[in-house]
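**Q** There's a structure below that I have some questions on.
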Amino acid sequence: MTAAEVSEEKAVPRRAAVTTLGCRTNQYDSSAIEDFLREAGFTTVPFSESADVYVINTCTVTSRTDYQSRQLIRRAKRKSPDSIVIATGCYAQTSPDEVSNLNGVDYVLGNPEKAMVVECIRKGRPAYGPVIIVGAPERGTPLSLRARGPYSRTRVNLKVQDGCNKACSYCIIPRARGTSKSVPLNSVIKEAEGFIEKGFKEIVVTGIHLGAYGRDLVPAITIVDLLREIEKRNYPCRFRLSSLDPDEVTDELIGVLKGSRTVCNHLHLALQSGDDRVLKGMKRPYTSGYFAGRAVKLSEEVPGISIGADVIAGFPGEGEREFENTLNLIKELPLAYLHVFPYSRREGTAACAYPGQLNRGVKKGRAKMLMEIDREKREGFYRVFL
C-alpha cells in the first residue's frame, strides 16, 4: 500500500452513530440506515460514544421534539468536533433552513433522501457550509428502506405503511411524510419471515397511519387482511399492532384479536379528546361516544386486552367544561394506560391560527392531571393479573 493509499484509508470515516426521536416508523428507518452503514463497512456505535459520523433522525411532532433534535445535533459536534453530522427525518424535512443554521450540521436530508446517508458520508464534510437535500414531502420516506432489525433485541419494528392522507388540524406529519403508501402484502410477509429467521420473538407492525394500510394497493386490502394472512401461517413469534384510529377498529378487527393465537391482545388508539366540540376542531372523524363504544366492545370481547390512548391536553378553545368531559370519559372507560401530550402549536397547521390558544401553564397543569389518571389506570390494569 502506498503512502497516498494509507492517507486515503485514514481519511475514510469508520465509526458511525445513529440516534432516533419520535415514532416507531422513525425507529424502523433508523434501523435501515444502520444496515446501510454496516453494509458500507462502518462500525455502528452508541450515540454517546466518539464517532466519525453522527446521524440524527429527527422528529417534529411537537416543539419539544424540535428542541430535542437541536440538542442532539449540538451534542454530537461537542463530542467529536471533526465528525460528519447528518440531520434527517421530519424536522429536517419541514424546517431544513432552521436545521442547517445549527452549528455543526454538515448535511440536511429530507425523508425522501434517507437512503443517501452513505453517499453523503463518502463525499466528506462540505467545504462551503451545510448541504440541504430535501425533496418534495409528497414523496415521503421511500418504502424501499428495508431494515433487518436492531441487533441484540427480541422485539423489532416492521414498517408496512408510511405517510398520511388525513388533515388533522394540529398535525404537521402529513407535510413531513407525504401521502399514504403501503408495502405489498408479499413483501411484508417476506420481511417478517426474515425477522423470524433471525430469532426475533415479537414483531410490531407499524406505520404513520397504520389503519390506512392496503387502501392504495391493487387490489386494495386492509390491515385485517394482513393480520389474517399472518395468523394462518402460525409463526413461532407474536405480532403487535402499533397504533390505530378508533374509527378503524372494525368488528372484523375485533374478531381477529378475539380468536388470535399470534396477534397480541393490545391496541393503542388515538383518542386525543373526550369532548365532541374539541374533536370537531381537531378534524377527527369520530365522536367521544363512538370511541367509548369501541373501547367497551374490545374490553368485553377480547380477554385481558390492554387498550391505550393518546390524549392532547390544552387544544385551542378547550375550556374547563371540555377538559372535564375528557377526564370523565377516560375515568369511565376500560383503558390500561394513556400517552399524554400538551398541545404544541405547529406552523403550517390549521390549529396554529385557531383562537383560544391556551398558555403553557394551563396546558402543563392539564397534562399533569391526565398523567395522574394514567398512573391509576396502569396500576389498576396490572392488579387485574395478580
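**Q** Got a sec? Charge dipole of the chain, +1 on Cβ for Lys and Arg, -1 for Asp and Glu; which of Phe239, Ile121, Thr25 is way out at the positive end?
**A** Toward the positive end, the furthest listed residue is Ile121.
**Q** Using a 4.7 Å Cβ cut-off, which Cys residues in the chain lack a partner cysteine?
**A** Cys23, Cys59, Cys90, Cys120, Cys164, Cys237, Cys264, Cys352
**Q** Once amide H atoms are placed 1.01 Å from N in the peptide plane, what residues at a sequence separation of 5 or more from Asp310, or on another chain, have their amide H within under 5 Å of its amide H?
**A** Hits under the 5 Å cutoff: Leu269, Ala270, Leu271, Gln272, His339.
**Q** Contact order normalised by length for the chain, with contacts defined as Cα pairs under 8 Å and 6 or more residues apart; what percent is it?
**A** On the way: 744 pairs, mean separation 42.7, N = 386.
Once normalised by length, the contact order is 11 percent.
**Q** Next question, about the same structure. Zone of Ala220 (label point 7 Å along Cα→Cβ, backbone N under 18 Å): which residues in region 247-274?
**A** 247-253
**Q** With N residues in region 339-386, what two-decimal value do you get for its Cα radius of gyration over 2.2 N^0.38 Å? Walk me through the numbers on the way to the answer.
**A** Values: Rg = 15.4 Å, N = 48, 2.2 N^0.38 = 9.6 Å.
Normalised by 2.2 N^0.38 Å, the Cα Rg of region 339-386 equals 1.61.
**Q** Could you work out the relative contact order of region 266-314, using alpha carbon pairs under 8 angstrom and six or more residues apart, expressed as a whole percent? Display every interim value, and only then the final one.
**A** Values: 44 pairs, mean separation 28.9, N = 49.
Answer for region 266-314 is 59 percent.
**Q** Hey, another quick one. What lysines does Lys258 reach when the alpha-carbon gap must be under 26 Å and sequence neighbours fewer than 8 apart in one chain are set aside?
**A** Straight-distance partners of Lys258: Lys159, Lys190, Lys201, Lys232, Lys297, Lys331, Lys377.
**Q** If you don't mind, another one. What accessible area per residue comes out for region 295-386, rounded to a whole number of Å², with a 1.4 Å probe? Each step should come with its number before you reach the end.
**A** Working: 4940 Å² over 92 residues.
In whole numbers, region 295-386 has 54 Å² accessible per residue.
**Q** Something else about it: Could you give the length gained by full extension between Ile189 and Glu49, i.e. 0.36 nm per residue of separation minus their alpha carbon distance, to one decimal place?
**A** Full-extension gain reported as 46.8 nm.
**Q** Sticking with this one: Once label points are set 7 Å from the Cα along Cα→Cβ at both Leu327 and Ala167, what is their separation, rounded to one decimal in nm?
**A** The two pseudo-label positions are separated by 3.5 nm.
**Q** Tell me, what is the percent relative contact order of region 15-61, built from C-alpha pairs under 8 Å that lie six or more residues apart?
**A** Result for region 15-61 is 60 percent.
**Q** Still on this structure, please answer the following. How much of the accessible area of the chain, probe 1.4 Å, is carbon plus sulfur, in whole percent? Mind dumping the intermediate values first?
**A** Values: 9050 of 17650 Å².
That fraction is 51 percent.
**Q** Length gain on complete extension for the stretch Ala350 to Thr287, per 0.36 nm per residue less the alpha carbon to alpha carbon distance?
**A** Numbers: separation 63, 0.36 × 63 = 22.68 nm, distance 1.99 nm.
The span from Ala350 to Thr287 would gain 20.7 nm if fully extended.
The values are calculated or read from the model by the stated rules, or taken from the named source; none is laboratory data. Not measured: the values here are computed from a predicted model. As a convention, Cβ positions derive from the backbone with ideal geometry for all residues, glycine included, and neighbour counts pool all protein chains shown. Note: areas computed on protein heavy atoms with side chains; ligands, DNA, RNA excluded. Shrake-Rupley method; radii C 1.70, N 1.55, O 1.52, S 1.80 Å.
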